[in-house]
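Peer 1: Before anything else, here's the structure in question.
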Amino acid sequence: MKRIAIFISGRGSNMAAILREAADGILADCCRVVLVFSNDPYAPGLSLASAVEVPVLCLPPAGLSKPAFYQRLAARLAPYSLDYLVLAGYMSILPPTFVGLYAGRIINIHPADTARHHGLHAYRWAFEHRLPQTMITVHYVDAGVDTGPVIMQAPVDLRGTVSLEEVEWRGLPVEHAVYSRALRAVFCGPARA
Ligand code: GAR
């Protein structure tokens with residue numbers, strides 16, 4: 001059983017989906033969510049995690065330099081003996097020194113094909129470019145921004161969408177499904193058919 005922490009900065013819908021799968025779904029026999037971390041004390045996902053009695057840690061970066069913040073965070077994480085960090089809408093770029101502490105053990109979800117789009121506002125990018133399809137990407141985190149090796153991708157049909165909200169509304173359920181499937185593949189090997 002892998003010990004994982006989920007990192008969030010906001011709503012936490014991907015986190016909630018992973019918590020459900022870890023409780024009694026496709027992740028139940030391969031990982032345990034031992035911590036939810038947020039860099040934002042007002043992240044709505046924190047109360048969702050608390051409601052299902054998952055330990056939460058919040059460390060706002062205010063007043064700290066980025067290196068100092070991540071040094072402090074690394075110290076706070078150490079006692080949890082984490083196997084993997086799972087980023088789920090975590091909106092801060094991890095510095096290379098921190099990535100190095102968990103090399104090959106940090107996973108992220110990006111709501112676009114990372115071969116075509118990096119960084120923020122991927123759904124807006126897809127909508128503004130009128131893409132007929134976007135590609136949700138689960139990938140390892142390396143020292144770059146959304147540049148690490150791809151673990152799994154899943155397409156989202158965007159044909160006929162008329163608003164950014166609709167694009168996101170179509171994409172999120174795909175994110176929720178593919179993230180747990182990808183985590184299962186990493187933690188335990190591919191699911192049996
Ligand atoms: C998700 O769409 C996730 O893919 C995206 O933020 C949203 C978080 O939603 N992440 C990125 O854009 C990372 N570059 P959630 O808090 O409801 O999971």
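Peer 1: I'd like the trypsin sites (Lys or Arg not before Pro) in region 1-54 restricted to DSSP loop residues with at most 15 other Cβ atoms within 10 Å, sorted by number.
Peer 2: 11
Peer 1: Just to be sure I understand: with springs between alpha-carbon atoms less than 10 Å apart, which residue in 172, 57, 164 has the highest mean-square fluctuation in the Gaussian network model of the chain?
Peer 2: Its mean-square fluctuation being the largest, the pick is 164.
Peer 1: For helix 66-77, what angle does its Cα long axis make with the longest principal axis of the chain, in degrees from 0 to 90 and rounded to 10?
Peer 2: Computed tilt is about 70 degrees.
Peer 1: Another question about this same structure. As a test question: what accessible area, to the nearest 10 Å², does residue 170 have when a 1.4 Å probe is rolled over all protein chains in place?
Peer 2: Looks like 70 Å² after rounding.
Peer 1: Now a separate question. With all protein chains present, how much of the accessible area of the chain (probe radius 1.4 Å) comes from carbon and sulfur, to the nearest whole percent?
Peer 2: Heavy-atom surface of the chain belonging to carbon and sulfur, 1.4 Å probe: 56 percent.
Peer 1: Work out from phi, with θ = phi - 60° and the Karplus expression 6.51 cos²θ - 1.76 cosθ + 1.60, the ³J(HN,Hα) of each residue of region 169-186, listed in order in whole Hz, and give x for Gly and Pro.
Peer 2: Per-residue couplings from phi come out as 5, 6, x, 4, x, 5, 4, 4, 6, 6, 5, 5, 5, 5, 5, 4, 4, 6 Hz.
Peer 1: Right, next: Per-residue HN-Hα couplings for region 110-115, Karplus 6.51 cos²θ - 1.76 cosθ + 1.60 at θ = phi - 60°, whole Hz, x for Gly and Pro?
Peer 2: For region 110-115, the Karplus curve yields 10, x, 7, 6, 5, 6 Hz.
Peer 1: Sticking with this structure for a sec: So with the 1.4 Å probe, I'd like the accessible area per residue for the chain, rounded to whole Å².
Peer 2: That works out to 49 Å² for each residue.
Peer 1: Can you tell me the dipole magnitude for region 94-193 around its Cα centre, using point charges on the Cβ only (Lys, Arg +1; Asp, Glu -1), in Debye to the nearest 20?
Peer 2: With only Lys, Arg, Asp and Glu charged at Cβ, the dipole is about 320 debye.
Peer 1: Of 100, 112, 10, which is farthest along the charge dipole of region 1-141 in the positive direction, counting Lys and Arg as +1 and Asp and Glu as -1 at C-beta?
Peer 2: 100
Peer 1: What dipole magnitude, in Debye to the nearest 20, does the chain give about its Cα centre under +1 on Lys/Arg Cβ and -1 on Asp/Glu Cβ?
Peer 2: 340
Peer 1: Indicate, rounded to the nearest 5 percent, the antiparallel portion of the DSSP beta bridges found entirely in the chain.
Peer 2: 40
Peer 1: Here is a further query. Shape of region 83-145 from its Cα gyration tensor (a ≥ b ≥ c, root eigenvalues): rounded if a/c is under 1.5, otherwise prolate when a/b > b/c, or oblate? If you can, show how the numbers build up before the last one.
Peer 2: Numbers: a/c = 2.75, a/b = 2.33, b/c = 1.18.
It is prolate, given that a/c is not under 1.5 and a/b is the larger ratio.
Peer 1: With labels modelled as points extended 7 Å from the Cα through the Cβ direction, what inter-label distance (nm, one decimal) is found for residue 23 paired with residue 80?
Peer 2: Once both label points are built, they end up 1.8 nm from each other.
Peer 1: Can you tell me the convex hull volume per residue for the chain, based on C-alpha atoms, in Å³ to the nearest whole number?
Peer 2: Cα convex hull per residue, to the nearest whole number: 120 Å³.
Peer 1: For residue 42 and residue 164 in one chain, what is 0.36 nm times their gap in residues minus the Cα-Cα distance, to one decimal in nm?
Peer 2: Details: separation 122, 0.36 × 122 = 43.92 nm, distance 2.41 nm.
Length gained, residue 42 through residue 164: 41.5 nm.
Peer 1: Suppose each label sits 7 Å from its Cα in the direction of the beta carbon; what would the residue 1-residue 133 distance come out to in nanometres?
Peer 2: It works out to 3.9 nm between the two label points.
Peer 1: Under 11 Å from the Cβ of residue 23, count the other residues' Cβ atoms, weight Lys and Arg +1, Asp and Glu -1, and hand me the total.
Peer 2: -1
Peer 1: Under unit Cβ charges (Lys, Arg +1; Asp, Glu -1), what dipole magnitude, rounded to 20 debye, does region 150-193 have relative to its Cα centre?
Peer 2: Numbers: 5 positive and 5 negative charges, 74 e Å.
In total the dipole reaches around 360 debye.
Peer 1: Can I ask one more? Does anything in region 42-63 have its amide N under 20 Å from the 7 Å Cα→Cβ label point of residue 93, and if so which residues?
Peer 2: In region 42-63, the label zone of residue 93 (backbone N under 20 Å from the point 7 Å along Cα→Cβ) covers 61-63.
Peer 1: Here's something else I'd like to know. In region 29-103, what chymotrypsin sites (Phe, Trp or Tyr not before Pro) fall in a loop by DSSP, with at most 12 other Cβ atoms inside 10 Å?
Peer 2: Qualifying residues, ordered by number: 42.
Peer 1: Please give, to one decimal in nm, the separation of the simple spin-label points placed at residue 157 and residue 62, each 7 Å out from Cα toward the Cβ.
Peer 2: Using points 7 Å along Cα→Cβ, the separation is 4.7 nm.
The values are calculated or read from the model by the stated rules, or taken from the named source; none is laboratory data. These numbers were taken from a predicted model, which means no experiment stands behind them. We place every Cβ from the backbone using ideal geometry, glycine too, and count neighbours over all the protein chains shown. The protein model used for the area step is the full one, side chains on, heavy atoms only, and it has no ligands, DNA or RNA in it. Shrake-Rupley method; radii C 1.70, N 1.55, O 1.52, S 1.80 Å.
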